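In what follows, a single structure is set out as structure tokens and then discussed.
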Amino acid sequence: MEKSTCSRLSITFFVTLLILFVSCHTGNEIQPQLKTPIQQTIEAMSLTEKAYYVTGTGMNIPGLVSTDSTTVPGAPVVGETQSLVPGAAGTTYEIPHLNIPSMVLADGPAGLRISPTRENDNATYYCTAFPVATLLASTWDTDLVYRVGQSMGNEVLEYGVAILLGPGMNIHMNPLCGRNFEYYSEDPLVTGKMAAAMVNGVESQEVGTSLKHFSANNVETNRNALNVIASERALREIYLEGFRIAVQEAQPWTVMSSYNLINNTYTAESHDLLTKILREDWGFKGLVMTDWFGGSDPVAMMMAGNDLLMPGNPNQANAILAAVKEGGLDEKVLDQNIERILTVLNESPHNKGYAYSNKPDLEAHAEVTRQAATEGMVLLKNDNDALPLTSEMNQLAAFGNTSYEIITGGTGSGDVNEAYSVSLVEGLQSAGYSIVKELQDIYSNYAETEKENLPPQQAFMPRVRVPEMAVDSDLADRMAAEADVALITIGRSSGEFSDRNVEGDFNLTQAEKALIKTISDAFHAKDKKAVVILNVGGVIETASWRNDPDAILLAWQAGQETGNSIADVISGKVNPSGKLASTFPMKYEDVPSSDNFPGVVIEAEEGSDEGGLSSFFTPKPSEIVYKEDIYVGYRYYNSFDVPVAYEFGYGLSYTQFEYKNVKINSTKFNEQLTVSVDIQNVGDVAGREVVQVYLTAPAQKMNKPAQELIAFEKTKFLNPGEIQRLEFVINPLDLTSFDEATSSWTAEAGHYTVNVGASSRDFRETTSFDLEEELIVQKVNRALTPNREINRLKP
């Protein structure tokens, strides 16, 4: 592969800057303003080149999709750009006579996704499978997420990719969304802070990111034709707020519009979303691209501010070309979109002549993965100090198919081609534990037999897995007599193109529940412990079976080092400090969007009934109404006093922490306030605590959630007895709600309560302040207003 040896646009850019500087400082006469190199490049492009340049070079997946179509004379030639990095998602056009190189774009949120092998090449191109986003959010540690981003960005750089298509940051509106593992949280503050840390980490390596999917892409079923009906307040406060935080704190190179419609308009064609909100309200400076095959009308997308249509299709370019010629699209709009693409291109490694190595430090990145995974695992239950395992507990009985075939991440564009993955039993053996061989052999033989009966695995779809093996009381009793502890692993796989089911997915199967009870009973009869490990990508039901085992460790899908990371936690090498970034409800029916999700089909005769990839290319026009409005996740459960299994922010430790000496620097709000609190480790083991700050605001003008998270911080490692004082700054925007009547972020006059605690329902210290007069903090564009009344949920 030929590598660029000199900067193209960038050298010209700096020469022009020098000319501008000299011309502006010679004499007093007004000098004519020179065009920038990018503007000069655009002027040199033919109209046909312009029309093609705002579309990608296409995508060919044999047997699945091809975007080849008829080109017109004068169009750029794709050449080798589609195979610059095999397995990458797409590329932009190269225009050699104008010294415009291509850019390579590749998935994804949990690590770079490219082909691990190449034709006629003995080398390998594996990437690191990092923990999924739900786990990273559960660390509540933005510094750690930044370091994960650095490692991920280094692989992007060294494999010759310009832009990583991530992070994903849609809200966990409903636990059944198939791609929740790619997203961070039900809370926009956690989502925005984690995404900003990831973007800053990746882009510290001088490569780009793409925040996705902008916005309200919370359903996979019929996502290409799903119309989301939501209030402007719900959109602003819940579904857009995380994006705002990430944009303003990180300024990513790109943002990716989503597949769905919002209030009857495709997001890819929404001037309200892509221009009024993203650019005018938030000050976004980068380029916007479509999700792959997203949107409907290429001309409308151009006019909305969608700069780059991916993966691209000559038919789109031809439609844009015709629209300019016929007066339906101003060429200046096209020029502006191209300027944004070229501005990003100017920063790309390929344009700057970076000689990528194809040899990132995968060993170092595996260490980052292992640490990050342990920090995000959440200890849900630990009766009678069942964990960590004591030094006498050496012989372990590993039950559950997933103990032997661990799930490192989700499927679809969020999957990664890693060199290896560490199963639970492999991680335990590396940590010095013995696994009961008889039981291991039984599971191995069972899996080998059952795999012969499985249907073929479909590309991009959730992994087809063998059903859980039944364990009778005789086997359980025999293992209880031989082993010191039982470990029971429950696994789940989900991914793109389809949503999860309630039965057999969100809810455990009867076989899984029977497995947990049978083994727990057998081991308890011998006065021994049973521990459940949840190797899942999203929220599941736990209330019906959680009383059976002694401990429950939520390990999530922790990347390629999953087995080692679990062993680090259960052995006590690492003290768990993860906390939930999404609520675990008592039952699915308690979820506020349970009767809406995944929407209703409004044109049943159209589209495919097969689901999966078929429904992606031929979706059924559907609609979902966000009737729960702003009451998503803990905002709903706390405001309506709904019991939960494990609340937002919850997580246990092997030690205990005491909160004390809360202080607020004023009882009257004036521009800013500071809240401080002491956190002391009062247990016997060093550990870290996630400290959360919730605000209760007056609700005379607008209804408000009972509490909203406004700040959080994770302590350093505190030794037993050690104290750390944390300070949290409360800014005017933290007080506000979105007032649709005035299109502004407004803080209501009155009394505000500040709760500092260990979760959304475990407040340890409380203080308060008053705001004497209503405060309009920021006025914004009126946008995304629904054209019908929504029967919104209210307390």
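The values are calculated or read from the model by the stated rules, or taken from the named source; none is laboratory data. This is a predicted model, so every value here is computed, not measured. Note that each Cβ is placed from the backbone with ideal geometry, even for glycine, and that neighbours are counted across all protein chains shown. The accessibility values were calculated without ligands, DNA or RNA, using every heavy atom of the protein model including side chains. Shrake-Rupley method; radii C 1.70, N 1.55, O 1.52, S 1.80 Å.
Worth pointing out:
- Number of positions in segment 390-406 that are closer than 23 Å to Asp548 by Cβ, in contact (Cβ under 8 Å) with a residue 40 or more places away in the chain and open to solvent by 10 Å² or more (accessible area, probe 1.4 Å): 5
- Total residues in segment 241-259 satisfying the condition of being in a loop (DSSP other than H, G, I, E, B) and within 14 Å of the chain's Cα centre (by Cα): the figure is 1.
- In segment 573-607, the residues that are assigned to a loop (DSSP other than H, G, I, E, B) and open to solvent by less than 20 Å² (accessible area, probe 1.4 Å): Asn575, Pro576, Ser577, Gly578, Lys579, Leu580, Ala581, Ser582, Thr583, Val591, Ser593, Asn596
- Subset of segment 592-649 (residues that are of a type in the set (S, T, N, Q) and modelled with pLDDT under 95): Ser608, Ser614, Ser615, Thr618
- Some residue of segment 213-220 being open to solvent by 10 Å² or more (accessible area, probe 1.4 Å) and either part of a helix (DSSP H, G or I) or hydrophobic (A, V, I, L, M, F, W, C) (or both): no
- For the residues Asn358, Asn337, Asn313, the requirement of being at pLDDT below 95 and either farther than 30 Å from Glu158 by Cβ or not hydrophobic (A, V, I, L, M, F, W, C) (or both) singles out Asn313.
- Failed item, numbered, when Ser413 is tested on (1) among the hydroxyl-bearing types (Ser, Thr, Tyr); (2) over 30 Å from Phe293 (Cα atoms); (3) open to solvent by less than 20 Å² (accessible area, probe 1.4 Å): (2)
- Any hit, segment 330-342, residues being closer than 22 Å to Asn264 by Cβ and open to solvent by less than 20 Å² (accessible area, probe 1.4 Å): no
- Of all the criteria given as (1) in a strand (DSSP E or B); (2) over 20 Å from Trp282 (Cα atoms), the one not satisfied by Pro720 is (1).
- Looking at Lys513, Lys528, just one residue is over 27 Å from Ser615 (Cα atoms), surrounded by fewer than 22 Cβ atoms within 10 Å (Cβ to Cβ), touching a Phe, Trp or Tyr at 6+ places or on another chain (Cβ under 8 Å) and of a type outside the set (Asp, Glu), and that residue is Lys513.
- Condition check for Val729: touching a residue at least 12 places away in the same chain (Cβ under 8 Å), open to solvent by less than 30 Å² (accessible area, probe 1.4 Å), under 25 Å from Pro188 (Cα atoms) and part of a strand (DSSP E or B): no
- Failed condition for Pro705, given (1) assigned to a loop (DSSP other than H, G, I, E, B); (2) open to solvent by less than 10 Å² (accessible area, probe 1.4 Å); (3) without any contact (Cβ under 8 Å) to a residue 60 or more places away in the chain: (3)
- Here Gly495 passes the criteria (1) at pLDDT 95 or above; (2) open to solvent by less than 20 Å² (accessible area, probe 1.4 Å) except the one numbered (1).
- Residue identified as of a type in the set (S, T, N, Q) and surrounded by 21 or more Cβ atoms within 10 Å (Cβ to Cβ) among Asn564, Asn501, Asn507: Asn564
- Number of the condition not met by Phe717 [criteria: (1) open to solvent by 40 Å² or more (accessible area, probe 1.4 Å); (2) closer than 22 Å to Phe584 by Cβ; (3) of a type in the set (Phe, Trp, Tyr)]: (2)
- Residues being in a strand (DSSP E or B) and closer than 30 Å to Thr618 by Cβ are entirely absent from segment 460-478.
- Annotation note: Cβ proximity below 6 Å between a residue of segment 585-607 that is over 16 Å from Asn260 (Cα atoms) and a residue that is aliphatic (A, V, I, L, M) and assigned to a loop (DSSP other than H, G, I, E, B) (sequence gap 6+ or interchain) occurs for Pro585/Val591; Met586/Ala543; Asp590/Val642; Ser593/Met173.
- Subset of segment 291-329 [touching a helix residue (DSSP H, G or I) at 6+ places or on another chain (Cβ under 7 Å), in a loop (DSSP other than H, G, I, E, B) and buried (at least 18 other Cβ atoms within 10 Å of the Cβ)]: Gly294, Gly295, Gly305, Asn306, Asp307, Leu329
- Residue in segment 229-237 that is within 25 Å of Ser744 (Cα to Cα), part of a helix (DSSP H, G or I), in contact (Cβ under 8 Å) with a residue 40 or more places away in the chain and among the hydroxyl-bearing types (Ser, Thr, Tyr) present: no
- Filter result for Phe763 (under 29 Å from Asp590 (Cα atoms), of a type outside the set (Ser, Thr, Tyr) and open to solvent by 10 Å² or more (accessible area, probe 1.4 Å)): yes
- Meets criteria (under 24 Å from Lys212 (Cβ atoms) and of a type outside the set (Asp, Glu)) for Asn318: no
Every residue, every condition in (1) among the hydroxyl-bearing types (Ser, Thr, Tyr); (2) in a loop (DSSP other than H, G, I, E, B); (3) open to solvent by less than 30 Å² (accessible area, probe 1.4 Å), yes or no:
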{"position": "Val642", "(1), (2), (3)": "no, yes, yes"}
{"position": "Ser666", "(1), (2), (3)": "yes, yes, no"}
{"position": "Asn670", "(1), (2), (3)": "no, yes, no"}
{"position": "Phe712", "(1), (2), (3)": "no, no, no"}
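- Among residues of segment 170-212 being over 30 Å from Ile602 (Cβ atoms) and part of a loop (DSSP other than H, G, I, E, B), the one that is most open to solvent (accessible area, probe 1.4 Å) is Glu206.
- If the condition is being touching an Asp or Glu at 6+ places or on another chain (Cβ under 8 Å) and either without any contact (Cβ under 8 Å) to a residue 12 or more places away in the chain or of a type in the set (Asp, Glu) (or both), then segment 533-573 contributes Asp548, Asp550.
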